[in-house]
1. Please calculate how many Å² of accessible area the chain carries per residue, with a 1.4 Å probe and no DNA, RNA or ligand atoms counted.
2. Taking 7 Å along the Cα-to-C-beta vector as the label spot, tell me the residue 228-residue 109 distance in nanometres, rounded to one decimal.
3. Given a 1.4 Å probe and the protein chains all in place, what does the accessible area of residue 226 round to, in Å² to the nearest 10?
4. Could you name the aspartates and glutamates in cross-link range of residue 232, using Cα to Cα under 12 Å and dropping any fewer than eight places away on the same chain?
5. Ordered by residue, what ³J(HN,Hα) values in Hz, to whole numbers, does the range 125-138 give under the Karplus form 6.51 cos²θ - 1.76 cosθ + 1.60, where θ = phi - 60° and Gly and Pro are x?
6. Can you tally the net charge around residue 145? Count Lys and Arg as +1, Asp and Glu as -1, for every other residue whose Cβ sits under 11 Å from the Cβ of residue 145.
7. Under 20 Å from the 7 Å Cα→Cβ point of residue 200, by amide nitrogen: which residues of the range 216-231?
8. Using Cα pairs under 8 angstrom and six or more residues apart, how large is the relative contact order of the chain, in percent?
Amino acid sequence: MNLGFVGLGLMGTPMAQNLIKAGHRVHVWNRTPERASALITAGAFQAESPMEAAEGAEITIVMVTDSPDVEEVVLGEKGILEGARSDSIVIDMSSISPSVTRTIAKRLSERQVNMLDAPVSGGVWGAQQGSLSIMVGGQREIYDRSLPVFDALGQRSTYCGGTGMGQVAKLVNQIIVAGTLAAVAEGLVFAAKSGVDLTAVFNAVTGGAANSWQLENLGARILKRDFAPGFKVRMQAKDLRLIQEAALEMQLPLLTTTLVHQGYVAMTREGLGEEGTQAYVKLLERLGGVEVSS
């Protein structure tokens, strides 16, 4: 399958690599062209613009940071819209606003170009291993046509409904992930302040009802003082902002998420934006005057 791929960050690069490994012909573009060098060596083709990446592509994938970035590479000058052929598909795998997604999809449809919103969960590790969970919104027929791409990128893809519903599902994911990690961090800080053996506590709670992916994986990293990013603090802050904006549109109070969002805003201000989300514990450590370390 001929594919375009726009956005070669921590997530996009390994995702494009997996598409090449699956036998697809991939034209790649990134704002910083040198980020594409390893992919070119692996068999990708360098595009000079998002428009060029989309020319001749059956499917063009977007993996950039935020709503304005998607609007720019899809609708802007020399954007995907200018190069995409009729009845091709644009799959936005970024995490952005559901309402912005619907606006972009409408603009594409005016040129007979189809769109799916398909944000992912699983972080850099999932992108590298091709084990992402993919949440998809758009027309079911277009989803079915895109399954070879999703199968190369993820362990599971789930059709969630019409345009924007993939983004809604991702925001649900982030509400649960961020709230759970905040609780993990608070629990470990509480344990450290109490003076209990942290390894013993970790082993005890991972064997009970408190266990979760966040505890097993990011809790373990906290104990090792490993704050390398699988998903960055600044990206989580952005997703939590999107949740707050969507909730405001619905007049829906989200009490826990609002508090956790403020924590991520504070972390970003304190210079922790490039660290992994498990660095949330550092905020609590500063407030509590204690360090979590096994």
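The values are calculated or read from the model by the stated rules, or taken from the named source; none is laboratory data. Since we're looking at a predicted model, the values are computed, not measured. Every residue, glycine among them, receives a Cβ derived from its backbone with ideal geometry; neighbour counts consider all protein chains shown. Surface areas here come from the heavy atoms of the whole protein model, side chains and all, with no ligands, DNA or RNA. Shrake-Rupley method; radii C 1.70, N 1.55, O 1.52, S 1.80 Å.
1. Details: 13210 Å² over 294 residues.
Accessible area per residue: 45 Å².
2. Distance between label points: 4.4 nm.
3. Its accessible surface works out to 50 Å², give or take rounding.
4. 274, 275
5. 4, x, 5, 5, 8, x, 10, 5, 9, 10, 10, 10, x, x
6. Details: positive: 140; negative: 58, 87, 141, 144.
Computed value for this residue: -3.
7. Flagged as within label range: 220, 223-224.
8. On the way: 552 pairs, mean separation 40.7, N = 294.
So the answer I get is 14 percent.
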